[in-house]
Amino acid sequence: NVWPALFRLDVQGPAAAVQEVERARAAVARTQRPWVAPFLGFVAAGAAWAAGDWDGAVAESDAALEVAEETGTGWTSIAVGVRIDLDARRGHLRAARRRLAEFRARRLPDQFGRGDMDVAEMSILEAEGAIEHAAALGEAYWTRARTRPGFGGAEFAIDIVRLGLIAHRPALVEQVVEDVRRLDPRHRPPG
């Protein structure tokens, strides 16, 4: 099960998540459930990314995506989106564009309807210097996130705010900040 590792990553940080991933990997090996392995690799990649170990994140992502292909796992959009983001942030724009085109051509499912390929494309556009286009995509993404419960979005709020600031879109920045404040009960008015 990948959920304990994900929760540890969010609550306790990368080191706790890695410990949980290793525990879960041992359990997967004992129970012979290979379909779980790629998802554990995706969590391990997220933990490495959160710890600032981009080389580790790339290695975990690539290994997990390879296992996902071998096991026929189609639920890879989040992991592919993270991998594209890593390429874009490292300046490997051709590789990022290739991964994005390949994923879209395969028409695999968008996990939880989150829109990770749009976020990945925002990263590419930003790295290419197409800030206006990236901010427009961020605004469209945020509009969908606010109107579709469960769509996600909050984890990408900081990137969308950054793009809004760089592109001089104060209305976008204000909207995202207001929406995120509503998510945090400490910012709700009493009553």
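The values are calculated or read from the model by the stated rules, or taken from the named source; none is laboratory data. Given the structure is predicted, the values throughout are model-derived calculations rather than measurements. Methodologically, a virtual Cβ is constructed for each residue, glycine included, from the backbone with ideal geometry; neighbour enumeration extends over all protein chains shown. Please note that ligands, DNA and RNA were not included when accessible areas were found on the heavy atoms of the full protein model with its side chains. Shrake-Rupley method; radii C 1.70, N 1.55, O 1.52, S 1.80 Å.
Please work out if Ala63 is free of Cβ contacts under 8 Å to residues at least 40 places away in the same chain, part of a helix (DSSP H, G or I), under 27 Å from Leu172 (Cβ atoms) and over 13 Å from the mean Cα position of the chain (by Cα).
No, not satisfied.
What is the one condition in (1) free of Cβ contacts under 8 Å to residues at least 40 places away in the same chain; (2) surrounded by fewer than 23 Cβ atoms within 10 Å (Cβ to Cβ) that Ala50 does not satisfy?
Only one criterion is unmet by Ala50, namely (1).
Going by what's in this entry, would Pro38 be described as touching a residue at least 24 places away in the same chain (Cβ under 8 Å), over 26 Å from Gly113 (Cβ atoms) and touching a Ser or Thr at 6+ places or on another chain (Cβ under 9 Å)?
Answer is no for this residue.
Looking at the stretch 85-101, is at least one residue modelled with pLDDT of 95 or more and touching a Leu at 6+ places or on another chain (Cβ under 7 Å)?
Within the stretch 85-101 (the criterion being modelled with pLDDT of 95 or more and touching a Leu at 6+ places or on another chain (Cβ under 7 Å)), the answer is no, since none of the residues qualifies.
Taking the options Gly129, Gly81, Gly113, name whichever one is over 16 Å from the mean Cα position of the chain (by Cα), more than 19 Å from Val180 (Cα to Cα) and not basic (Lys, Arg).
Every option except Gly129 fails the conditions.
Take Ala101 and decide whether it is closer than 21 Å to Val2 by Cβ, open to solvent by 50 Å² or more (accessible area, probe 1.4 Å) and of a type in the set (A, V, I, L, M, F, W, C).
Here the answer is no, as Ala101 does not meet what is asked.
Residues that are assigned to a helix (DSSP H, G or I), β-branched (Val, Ile, Thr), at pLDDT 95 or above and open to solvent by 50 Å² or more (accessible area, probe 1.4 Å): does the stretch 4-17 have at least one?
no
Answer yes if at least one residue in the stretch 110-128 is open to solvent by 40 Å² or more (accessible area, probe 1.4 Å), closer than 23 Å to Trp75 by Cβ and modelled with pLDDT under 95, and no otherwise.
Yes, because at least one residue in the stretch 110-128 is open to solvent by 40 Å² or more (accessible area, probe 1.4 Å), closer than 23 Å to Trp75 by Cβ and modelled with pLDDT under 95.
Of the conditions (1) farther than 23 Å from Phe103 by Cβ; (2) exposed (fewer than 15 other Cβ atoms within 10 Å of the Cβ), Gly74 clears all except one; give me its number.
Condition not satisfied by Gly74: (1).
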